[in-house]
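Working notes, structure below.
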Amino acid sequence: MVPKEKIVKPRVVLADDEEAVVALITRLLAPEFDIIASTENGREAASLVLQQEPDLLVIDIGLPVLHGMDVLALLRQKQSTTKVIFLSTFADRRLSAGALAAGASGFVFKCQLYTDLPKALEAIMAGATFVSVEETR
């Protein structure tokens, strides 16, 4: 009998101060990704990434204690290779463009979390970037 190869899931740290968002993301990602830790503040998110070295950090850009952009700057300064995907309540093109320019791999609007986050992670794991498209009403 030939042993089956062990499937290695990408490792993810979640950082959001809204419990419902963390629960939704966990449900969305659990089949394909290994959620190794979650936190409610930016300082702890940076610490977790530097200690655990996950493949991905899914982080609310407006976290307390340390803003998401400051977390990204710290991770890049420390030469972390973890890919950063920002979440935001605000569909602001300037904010998403600034995040990508600073080194983020993706930007997902929370109002489109359910549809866009899985697509974003697939694109990012393939080496592309992803930004949610603003909904037209």
Find all pairs meeting these conditions: Cβ atoms under 8 angstrom apart; at least six residues apart or on different chains; first residue within the range 94-122 and on the phi > 0 side of the Ramachandran plot and touching a residue at least 24 places away in the same chain (Cβ under 8 Å); second residue crowded, with 16+ Cβ neighbours inside 10 Å and part of a helix (DSSP H, G or I).
103/72
Mind counting the residues in the range 45-80 that are more than 11 Å from residue 13 (Cβ to Cβ) and free of Cβ contacts under 8 Å to residues at least 12 places away in the same chain?
2
Name the single residue, out of those in the range 1-37 being β-branched (Val, Ile, Thr) and outside any strand (DSSP E or B), that is modelled with the lowest pLDDT.
2
Output the residues belonging to the range 107-122 that are out of contact with any Asp or Glu (no Cβ under 9 Å at 6 or more places or on another chain), crowded, with 16+ Cβ neighbours inside 10 Å and of a type outside the set (Asp, Glu).
107, 113, 117, 120
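The values are calculated or read from the model by the stated rules, or taken from the named source; none is laboratory data. Because the structure is a prediction, the values reported are computed rather than measured. Ideal geometry is used to build each Cβ from the backbone, glycine not excepted, and the neighbour counts take in all protein chains shown.
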